[in-house]
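The values are calculated or read from the model by the stated rules, or taken from the named source; none is laboratory data. Owing to the predicted nature of the structure, the values given are computational and were not obtained by experimental measurement. Every residue, glycine as well, gets a Cβ built from its backbone with ideal geometry; the counts of neighbours run over all protein chains shown.
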């Protein structure tokens with residue numbers, strides 16, 4: 001059977017989609033190639049959130065086509081995901097060597113389309129139509145690959161977004177919100193735990209919107225909190241995380257869940273995007289600076305040790321210097337552990353792209369650098385506070401930067417690197433933090449006699 005190589009751009013949802021497609025192909029007899037050079041099929045799972053991500057994928061595919069059509073002309077080339085959904089046949093018109101374009105509601109059709117192309121029944125395939133029930137088709141996993149035990153896993157609980165922020169293309173590439181059934185999600189999580197998974201991250205474009213149009217509120221609990229409770233009951237599961245939420249989804253029921261569900265990690269990534277009410281309104285975010293700060297206060301009242309991170313866009317159309325200063329002041333007031341900063345990127349057919357007062361690129365870059373400096377300053381202080389403390393980590397495997405060392409993650413989502421071995425993978429263990437680096441902690445296992 002053919003071998004396949006999948007390269008993923010973008011968010012954790014894309015990573016999860018790629019994993020599911022790979023697992024579905026393996027089930028059909030395909031093998032996973034370790035590199036593009038050894039693959040019969042090369043698929044790029046794409047992102048459209050920023051122009052840079054699209055340009056990277058387009059450039060990569062052009063380079064692949066130029067190289068492979070000379071040396072291995074029978075290799076099948078394909079685009080999947082958000083850019084495939086938004087551009088469709090345009091991608092083949094632009095890059096005629098591309099054989100397959102698969103949209104965001106058609107991932108589960110990848111194997112059958114590849115079979116058609118490889119068998120000669122089809123020359124080119126573009127499939128970007130909507131498909132009812134596609135939200136339940138992303139459920140297969142690659143576990144225990146290469147003899148390594150999988151410790152954590154992503155589980156997709158919904159697809160789509162109804163928020164329509166003025167800067168965002170996601171509602172157009174992912175479609176309207178569609179949620180899976182609680183019992184199906186729990187069954188998938190239980191199966192993962194039976195294979196050794198100890199931590200599960202629930203995924204959705206706006207995960208806190210889960211089921212709000214399909215399921216009733218029960219005993220004051222939103223459908224998402226009902227799902228958290230159901231997953232919490234799984235024996236053998238140690239930790240639950242979720243991403244990405246929306247501030248509007250943080251009702252008191254979710255805030256209180258952090259205090260009464262021990263498996264729910266005290267970690268929250270809550271995108272704020274701007275500290276200016278004026279800009280938040282232009283963005284169509286649906287909350288104010290004051291409401292966001294209220295959520296943070298409530299979370300810290302329940303879990304003082306909670307780890308907090310956020311997303312910020314700098315240089316949004318119409319953002320004035322005083323608006324940006326309000327973002328800087330919000331960052332200082334919240335004192336985030338981490339923040340992901342993005343320079344505003346025009347996305348075609350979004351309202352923000354047509355707004356007046358587009359901020360010059362040079363100003364976006366300057367604000368980006370100022371905000372990054374503040375983020376590093378704030379995070380540096382917060383990470384230093386862990387030095388000398390004993391923390392619990394779940395060991396995930398070798399460190400990506402130094403495979404000779406092991407890494408784990410605290411409940412508040414801090415990476416800890418330590419001297420260990422493969423036998424520690426999957427263990428919950430206590431380490432004492434000896435020093436702090438750039439968004440990384442270092443622990444000495446000798447102190448706790450490992």
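Taken together, the residues in the stretch 289-315 that are without any contact (Cβ under 8 Å) to a residue 24 or more places away in the chain and either closer than 19 Å to residue 166 by Cβ or in a strand (DSSP E or B) (or both) amount to 0. Is it the case, given these coordinates, that residue 437 is surrounded by 18 or more Cβ atoms within 10 Å (Cβ to Cβ) and closer than 29 Å to residue 304 by Cα? No; evaluated as a whole, the condition is false for this residue. Taken residue by residue, the stretch 323-339 has at least one member that is under 26 Å from residue 48 (Cα atoms) and more than 24 Å from the chain's Cα centre (by Cα). Looking across the stretch 175-188 at every residue that is within 18 Å of the chain's Cα centre (by Cα) and surrounded by fewer than 22 Cβ atoms within 10 Å (Cβ to Cβ), the one that is nearest to residue 210 (Cα to Cα) is identified as 178. Residues considered: 53, 20. Of these, the only one that is in a helix (DSSP H, G or I) and closer than 30 Å to residue 361 by Cα is 53. Of the residues 318, 275, 286, 236, only one is touching a residue at least 12 places away in the same chain (Cβ under 8 Å), outside any helix (DSSP H, G or I) and in contact with a strand residue (DSSP E or B) (Cβ under 9 Å, 6 or more places away or on another chain); which? Checking each option against the conditions leaves just 275.
Taking the stretch 215-225 as the range and being touching a helix residue (DSSP H, G or I) at 6+ places or on another chain (Cβ under 7 Å) and either closer than 21 Å to residue 156 by Cβ or without any contact (Cβ under 8 Å) to a residue 12 or more places away in the chain (or both) as the test, the residues that pass are 215, 218, 222, 224, 225.
When the stretch 405-419 is examined, which residues are found to be assigned to a strand (DSSP E or B), touching a residue at least 24 places away in the same chain (Cβ under 8 Å) and either touching a helix residue (DSSP H, G or I) at 6+ places or on another chain (Cβ under 9 Å) or assigned by the TED database to the domain that holds residue 303 (or both)? 418 - this is the single residue of the stretch 405-419 that is assigned to a strand (DSSP E or B), touching a residue at least 24 places away in the same chain (Cβ under 8 Å) and either touching a helix residue (DSSP H, G or I) at 6+ places or on another chain (Cβ under 9 Å) or assigned by the TED database to the domain that holds residue 303 (or both).
Yes/no per residue for (1) in contact with a strand residue (DSSP E or B) (Cβ under 8 Å, 6 or more places away or on another chain); (2) assigned by the TED database to the domain that holds residue 96; (3) farther than 30 Å from residue 407 by Cα; (4) modelled with pLDDT of 95 or more:
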{"site": "135", "(1), (2), (3), (4)": "yes, no, yes, no"}
{"site": "138", "(1), (2), (3), (4)": "yes, no, no, no"}
{"site": "155", "(1), (2), (3), (4)": "yes, no, no, yes"}
{"site": "164", "(1), (2), (3), (4)": "no, no, yes, yes"}
{"site": "181", "(1), (2), (3), (4)": "no, no, yes, yes"}
{"site": "198", "(1), (2), (3), (4)": "yes, no, no, yes"}
{"site": "201", "(1), (2), (3), (4)": "yes, no, no, yes"}
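Reported count of residues in the stretch 124-142, each being over 23 Å from the mean Cα position of the chain (by Cα) and more than 19 Å from residue 103 (Cβ to Cβ), is 0. Is it true that residue 314 is at pLDDT 95 or above and under 21 Å from residue 243 (Cβ atoms)? So residue 314 does not fit the description; no. Checked against the criteria, residue 64 counts as buried (at least 19 other Cβ atoms within 10 Å of the Cβ), without any contact (Cβ under 8 Å) to a residue 60 or more places away in the chain and farther than 28 Å from residue 135 by Cβ. Every test in (1) under 16 Å from residue 39 (Cα atoms); (2) in contact (Cβ under 8 Å) with a residue 60 or more places away in the chain is passed by residue 85 save one, and that test is (1).
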